[in-house]
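Everything on this sheet refers to the single structure shown next.
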Amino acid sequence: ADGGHVALRPAGEFTTSRRYVEDTNVLETTFHTDTGTVRVTDALSIGLNGLLPWEELVRKVDGVDGEVEIRWAVTPGDRLRTVQPWVEARDDSALVHIGDQHLAVRCFDLGTPDVEPHRVSGTVTVKAGDAGLLALTASDASPVMLARPAELAEHVDLTVTRWREWSRNLRYDGEWRDAVIRSALALKLLAFTPTGAIAAAPTTSLPERIGGDRNWDYRFMWVRDASFSLDAFISLGMLEETHAAVVWLLESLQQTEPDLHVFYRLNGQVPGAEEAVDLPGYRGSQPVRSGNGAAGQTQLGVYGDLFATIWRYVDDGHALNPAASRLLCDLADRCCDEWTHPDAGIWELDESRHYTISKMGCWSALDCAARLHERGEITTGHVDRWKAERDAIKRWVTEHCWSEAKQAYSFYAGTDELDAATLLAARNGFDTGKRLRLTIDAVRRELAHGPLLYRYTGMETAEGAFLACTFWLVSALVVTGQLDDARALMSDAVELANDVGLYAEELDPGSGEMLGNFPQGLTHLALVNAAVDLHRAAQEK
């Protein structure tokens, strides 16, 4: 009840249809009522020189036919019960103060604003041909820009133009192009431009099971996601984003070396402790969390994610600086020291084990380190040791992480349980042959529900199916030469998006309902990479 929102909708009953303006992140919502139709265009404004020095949301209302009574309201939240917002009336606007944040609310041709102590609202009847604007501009501890109506309308048009210019430069002409471009646009919105970091999701505490407690804060950048990002960005020709993500990653690591953290804040700092906030949660799903307790975990697979990221950057023709070379040399040695240890695995589990995907990640790290040394990008270090430990990891996984009963790579050493993440052996090059193909078959038998996959054995009642796993399966099918199967699965998976082409973290196979944080960057990254893998395979064929 105390969460903030910006409402704008017909006063009576209505239905809606939504779409993004083609090749943009500008949203159009059309409201259909018994008396008429209105269209609302939402734009987060972009300026002439890129990002505006303030934040601006413009909601443009156009009467299409008939007439419709519209109600709108700007109701600030209390930032998880940490501040008490208040509203100050001005001549032609209202200022909302939320701690050190300040929000200007301006409306034009949408009725006379009713300014209350904690809310600004209004009502207007919109007829065919009418146009109105509701604008919110925000700043942190600085003056607030109050743009004029003509300027706001121009900002909407300019934002459409800028997004289309950006989208035209994306390099992809294969199947499922609409889904790929939409995913790229979503990822661009998850990018924190000042540093280049990509948020895993912009939300916290959206549950993996309604009413459950698997509700996490994903407003950070995972090193794992950085690796997937580089694949996608390089494939799509997103050079600026590629370089920015690599610079952010290396600078973050240099601040915390010799420690390699699982994820970082978007400004590169190490996250603080996780806190549970006393709030009702999404549809009764508690607790609501601020921060993520996995920050202090040991996840050995992060070594593989890091080195794969740097290898893809170098393999695309770029060069490392000496400081980065020294850092990677030290981390390769540390990977040699630590790969024999148990860890929390890719799924950030409470019980430390010898997870198969973590060992594969360490193998990938040392394999990439050796290749970087051969390229001359890592100029010092114990490359013979890296190669020896890499080969030792391969032997260890082959002996201890293969289930004869399931004929598949196991979840962890000594078990017959399965993990969909082992499909990533195709991506990191650990295995592209018979054992991977057998693992694909076993994972589909045990973890699949139609085109969907659960993360690992036993998750059917605990959470939804993990959408990225479906796209990992597509890529694994491509690597093992099963192109027809991969193409059919990709076609089914693309249809799982919501009405505007976005994906959450998970999906309930029974109801089709999205679960987990939204939109989920990892899902969109996996989609892009799977589409690119299929497109390349088709061209080679």
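The values are calculated or read from the model by the stated rules, or taken from the named source; none is laboratory data. Everything numeric in this text was worked out from a predicted model, so none of it was measured. Please note: Cβ atoms are built from the backbone with ideal geometry, for glycine as well, and neighbour counts cover all protein chains shown. The area values use the complete protein model at the heavy-atom level, side chains included, leaving out ligands, DNA and RNA. Shrake-Rupley method; radii C 1.70, N 1.55, O 1.52, S 1.80 Å.
Based on Cβ point charges of +1 for Lys and Arg and -1 for Asp and Glu, what charge dipole magnitude is obtained for the range 283-439 about its Cα centre, in debye rounded to the nearest 20?
Charge dipole of the range 283-439: 360 debye, to the nearest 20.
Calculate, for the range 303-358, the solvent-accessible area per residue in square angstrom, rolling a 1.4 angstrom probe over the heavy atoms of the protein chains.
Per residue, the range 303-358 has an accessible area of 37 Å².
Cut-off under 16 Å on the C-alpha distance; same-chain residues fewer than 8 positions from K541 excluded. Which aspartates and glutamates are left, in chain and number order?
E175, D484, D485, D533
Quick one: compute the contact order of the chain, relative version, from alpha carbon pairs under 8 angstrom and 6+ residues apart, as a percent.
Value for the chain: 11 percent.
What is the ratio of the Cα radius of gyration of the range 250-394 to 2.2 N^0.38 Å, where N is its residue count, to two decimals?
That ratio works out to 1.18.
Around H354, with a cut-off of 15 angstrom between Cβ atoms, what is the net charge of the other residues, counting Lys and Arg +1 and Asp and Glu -1?
Taking every Cβ under 15 Å from that of H354, the sum is -3.
Around L473, with a cut-off of 10 angstrom between Cβ atoms, what is the net charge of the other residues, counting Lys and Arg +1 and Asp and Glu -1?
Counting the neighbours of L473, the net charge comes to 0.
Aspartates and glutamates within cross-link reach of K127: Cα-Cα under 19 Å, excluding same-chain residues under 8 positions apart?
Filter leaves E13, E28, D34, D62, D65, E67, E69, D109.
Counting other C-beta atoms within 10 Å, and keeping those with at most 15, which DSSP coil trypsin sites (Lys or Arg not before Pro) do you find in the range 252-349?
Passing sites in the range 252-349 are R283.
So which GluC sites (Glu not before Pro) in the range 313-364 end up in coil per DSSP with only 15 or fewer other C-beta atoms within 10 Å?
Passing sites in the range 313-364 are E351.
Just the number, please: Stokes-Einstein D of the range 301-357 in µm²/s, Kirkwood Rh from C-alpha pairs, 25 °C, 0.890 mPa s.
191 µm²/s
Using the charge dipole of the range 1-116 (Lys, Arg: +1 at Cβ; Asp, Glu: -1 at Cβ; taken about the Cα centre), state which of L48, G36, V61 has its Cα farthest towards the positive end.
Of L48, G36, V61, it is L48.
Ranked from the most accessible area to the least, with a 1.4 Å probe and all protein chains present, what is the order of R119, R106?
Ranked list, largest accessible area first: R119, R106.
If you bin the C-alpha pair distances of the chain every 20 Å from 0, what whole percents do you get?
Each 20 Å bin holds this share of Cα pairs: 20, 53, 24, 3.
Give the lysines whose C-alpha is closer than 21 Å to that of K406, dropping any in the same chain fewer than 8 places away, or say none.
K359, K394, K434
Given the -39500 (n - 2.57) contribution per DSSP H run of 4+ residues, what per-residue ellipticity at 222 nm results for the chain, rounded to the nearest 500 deg cm²/dmol?
Mean residue ellipticity at 222 nm (helix-derived): -12000 deg cm²/dmol.
Helix 467-479 against the longest principal axis of the chain: what's the angle in degrees, Cα atoms only, rounded to the nearest 10?
Value to nearest ten degrees: 40.
What does the charge count near V115 come to, summing +1 for each Lys or Arg and -1 for each Asp or Glu among other residues with Cβ under 14 Å from its Cβ?
Taking every other residue near V115 into account, the sum is -2.
Would you work out if the range 21-174 is rounded, prolate or oblate? Take a ≥ b ≥ c from the square roots of the eigenvalues of the alpha-carbon gyration tensor; rounded if a/c is under 1.5, else prolate when a/b is larger than b/c, oblate otherwise.
Oblate.
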